[in-house]
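Input: a single structure, listed below in structure tokens.
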Amino acid sequence: MKIEEAIDWIHSRLPFGSRPGLDRVEALLEIVGHPEKKVKTIHIAGTNGKGSTVTYLRCLLEEAGLTVGTFTSPYIESFNERIAINGHNIPDETLIHLVEKYRPIVAHMDQFEAVAGITEFETLTAMAFDYFLEEKVDVAIIEVGLGGLLDSTNIAVPILTGITTIGYDHMEILGETIEEIAAQKAGIIKQGVPLVTGNIDPKALTVIEHQTKLKNASHEAFGRDYTVSYQHQAEGWGEVFSFSSKRGKIAKITIPLLGQHQVENAGMSIELYQLYCELENLPFKEKDVIQGLKKAQWPGRMERISKEPLVVLDGAHNTHAMNRLVQNLKKEFKGYHINVLFSCLQTKEVNKMLEQLKEIPNADIYVTTFDYPKAIQLSEMQGMMDDKLSIVSLWQFGLAEILEKMSEEDVLVVTGSLYFISEVRQLLVELGGKDEL
């Protein structure tokens, strides 16, 4: 079997969609010997910021000398990056081996109505735990796919849990109110397992705290049990901040990712790391924090992919993330003319996201589509066009035209769906390599 065939088989489970519930994944894991019960796990949920927080935490644990598995989604550069150890993607031959192992099992399960139709994400969840057990990782950081309570990753048996942010996204599944969404995210909270939360709306936090009391789980919250103090933009790219908690203070921490929200995500990762060190009797060293966070890289999140012309990619794929992006652009690019190339999925609040982008001063916004199921239809966007918005029928041509006319006073920000960002990033890298367009 070639790697393309293996990935095609995994993708063949996509038509089953997203099916909340743990019955299928539990049945699959029982057949393969419950690897999820044998892997030490940190489980991370949240509307936005999960991937960055996972990356920061991985870098901290690696700096302490640990072997760290990560399970994340979606991918930006390569399918294999969804399952990785110490930042190295699962090798092709290992993924092929796992597909050869799981394909007949899944085919057998499909014969029984109660567990038929296991999804792509459920299959990958099981494969990830299987791989991490086989490779004997010290700890695996598992990112929730959707929600928490009924997400297939909720079969994990964590020693720590984290919830980054709560915002409006996937309302058709998670609920219409912030409290309903918070209840779904809080579904990852386990009996007696410590929880760390990020910068979360007070209404959502009330729901989460109620759950921690029911589960007798300790809870460390942003702004109460730990804080970050933003200092200034790092030289070149990134942010400088200080961190403080009841365990002490660390001054002048540098992260290579841009944006105030990245400071908050990094702060949450430090708090999780401190707790992990306490649970595992590891020494907590300030130098490990400073050195570890400097190494963090997370494609497609305020990522500068080219300096000249200045091109930034950010997967702000819902209104909560778009609000943060707009704040960052207003703050970090005051002197620039901002060109925005935007596309997303029909399932998102497209109108609201475009209204948010219009708040950016001195910006031209180009709305486009891309080759992906449920990508926005440009015919439905016509009524929204005005002086700030224009339609680009082929994003590749639109991208070339924007790059052609850019000067030193311009920045191009490509945003919206992470799937869209991934396509654009691939083309830009092919054109000249990161930072060398």
Selection within the range 175-232 - aromatic (Phe, Trp, Tyr) and either without any contact (Cβ under 8 Å) to a residue 40 or more places away in the chain or in contact with a Phe, Trp or Tyr (Cβ under 8 Å, 6 or more places away or on another chain) (or both): 226, 230
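Which residues, counting only those in the range 316-328, are open to solvent by 10 Å² or more (accessible area, probe 1.4 Å), of a type outside the set (D, E, K, R) and either in a helix (DSSP H, G or I) or over 16 Å from residue 355 (Cα atoms) (or both)?
Within the range 316-328, the first condition is being open to solvent by 10 Å² or more (accessible area, probe 1.4 Å), and the residues that meet it are 317, 319-321, 323-324, 327.
Still in the running and of a type outside the set (D, E, K, R): 317, 319-321, 323, 327.
319, 320, 321, 323, 327 - these are the residues of the range 316-328 that are open to solvent by 10 Å² or more (accessible area, probe 1.4 Å), of a type outside the set (D, E, K, R) and either in a helix (DSSP H, G or I) or over 16 Å from residue 355 (Cα atoms) (or both).
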The range 394-419: number of residues that are over 28 Å from residue 347 (Cα atoms) and in contact with a helix residue (DSSP H, G or I) (Cβ under 7 Å, 6 or more places away or on another chain): 0
Residue list for the range 329-360, restricted to those being open to solvent by less than 50 Å² (accessible area, probe 1.4 Å) and assigned to a loop (DSSP other than H, G, I, E, B): 333, 344, 348, 360
Residue within the range 232-245 that is within 20 Å of residue 323 (Cα to Cα) and surrounded by fewer than 23 Cβ atoms within 10 Å (Cβ to Cβ) present: yes
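Taking the range 83-92 only, how many residues are without any contact (Cβ under 8 Å) to a residue 12 or more places away in the chain and either surrounded by 11 or more Cβ atoms within 10 Å (Cβ to Cβ) or not assigned by the TED database to the domain that holds residue 5 (or both)? Spell out how you get there, then give the answer.
Taking the range 83-92 as the starting set, the residues that turn out to be without any contact (Cβ under 8 Å) to a residue 12 or more places away in the chain are 88-89, 91.
Remaining after also requiring either surrounded by 11 or more Cβ atoms within 10 Å (Cβ to Cβ) or not assigned by the TED database to the domain that holds residue 5 (or both): 89, 91.
Looking only at that region, the number is 2.
Looking at the range 117-149, which of the residues that are of a type in the set (A, V, I, L, M, F, W, C) and more than 21 Å from residue 11 (Cα to Cα) is farthest from the chain's Cα centre (by Cα)? Even if it seems obvious, please write down each step before you answer.
So in the range 117-149, the residues of a type in the set (A, V, I, L, M, F, W, C) come out as 118, 121, 124, 126-129, 132-133, 137, 139-142, 144, 146, 149.
Retained after the next criterion (residues that are more than 21 Å from residue 11 (Cα to Cα)): 132-133, 137, 139-141, 149.
Working: 132: 20, 133: 23, 137: 21, 139: 19, 140: 16, 141: 12, 149: 18 Å.
That would be 133.
Can you tell which of 371, 435 is closer than 17 Å to residue 300 by Cα and at pLDDT below 95?
Values: 371 fails: closer than 17 Å to residue 300 by Cα.
The match here is 435.
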Segments classed as strands (runs of 3 or more DSSP E), wholly inside the range 170-283, with at least 3 members that are more than 19 Å from residue 156 (Cβ to Cβ): 226-233, 239-245, 248-255
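Is it true that some residue in the range 285-304 is surrounded by 17 or more Cβ atoms within 10 Å (Cβ to Cβ), closer than 30 Å to residue 410 by Cβ and more than 14 Å from the chain's Cα centre (by Cα)?
Narrowing the range 285-304 to residues surrounded by 17 or more Cβ atoms within 10 Å (Cβ to Cβ): 288-289, 292-293, 296, 298-304.
Checking the rest, the ones that are also closer than 30 Å to residue 410 by Cβ come to 296, 298-304.
Now drop any that are not more than 14 Å from the chain's Cα centre (by Cα), which leaves 304.
Among the residues of the range 285-304, at least one is surrounded by 17 or more Cβ atoms within 10 Å (Cβ to Cβ), closer than 30 Å to residue 410 by Cβ and more than 14 Å from the chain's Cα centre (by Cα), which makes the answer yes.
Condition check: β-branched (Val, Ile, Thr) and open to solvent by less than 10 Å² (accessible area, probe 1.4 Å). Does residue 429 satisfy that? Reasoning before the result, please.
Numbers: β-branched (Val, Ile, Thr): yes; open to solvent by less than 10 Å² (accessible area, probe 1.4 Å): no.
The answer is no for residue 429.
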Odd one out for residue 67, checked against (1) surrounded by fewer than 21 Cβ atoms within 10 Å (Cβ to Cβ); (2) within 22 Å of residue 285 (Cα to Cα); (3) touching a Phe, Trp or Tyr at 6+ places or on another chain (Cβ under 6 Å): (3)
Which numbered condition residue 1 misses (of (1) touching a residue at least 24 places away in the same chain (Cβ under 8 Å); (2) open to solvent by 10 Å² or more (accessible area, probe 1.4 Å); (3) within 28 Å of residue 174 (Cα to Cα)): (3)
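The values are calculated or read from the model by the stated rules, or taken from the named source; none is laboratory data. All values reported here derive from a predicted model rather than from experimental measurement. Methodologically, a virtual Cβ is constructed for each residue, glycine included, from the backbone with ideal geometry; neighbour enumeration extends over all protein chains shown. These accessible areas exclude ligands, DNA and RNA; they are computed on the full protein's heavy atoms, side chains included. Shrake-Rupley method; radii C 1.70, N 1.55, O 1.52, S 1.80 Å.
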